[in-house]
1. Of the residues I54, I76, only one is touching a residue at least 40 places away in the same chain (Cβ under 8 Å), open to solvent by 40 Å² or more (accessible area, probe 1.4 Å) and more than 10 Å from the chain's Cα centre (by Cα); which?
2. Residue by residue through the stretch 19-29, note down the ones that are open to solvent by 60 Å² or more (accessible area, probe 1.4 Å) and either closer than 14 Å to V56 by Cα or of a type in the set (A, V, I, L, M) (or both).
Amino acid sequence: MTTDPVSLAVGAAWTATAVGLALWVWSWFGEKCPVQRIRYRDCGVVLVFAAVMIRVFFPARALTAFDWLVLALGPIFIGAAIWRLGRTAGGAER
């Protein structure tokens, strides 16, 4: 059984989506520290949006308006989440 790179990427994207959603759920119900809660949500945003963009890049169907919206807004949300993760990194003197 051989796997092609596209199916491997799509499988990894679904795995990243599941991990991202788990981080979101943990941030809402499991984490008590407010800073850690925000960091878990930001990590979930990065994983989910990146995974959705991977699935849009390798379409099995024609692109819809939702797909174009994700392609336009995804990098903005990913960049904002990474920026906030950098700003809330522990041990950084500012």
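1. Of I54, I76, the one residue that is touching a residue at least 40 places away in the same chain (Cβ under 8 Å), open to solvent by 40 Å² or more (accessible area, probe 1.4 Å) and more than 10 Å from the chain's Cα centre (by Cα) is I54.
2. Matches in the stretch 19-29: V19, L21, V25.
The values are calculated or read from the model by the stated rules, or taken from the named source; none is laboratory data. Just so you know, these numbers come straight off a predicted model, no measurement behind them. Cβ coordinates were reconstructed from backbone atoms using ideal geometry, including for glycine residues, and neighbour counts include every protein chain displayed. Side chains included, ligands, DNA and RNA excluded: accessible areas come from the protein's heavy atoms. Shrake-Rupley method; radii C 1.70, N 1.55, O 1.52, S 1.80 Å.
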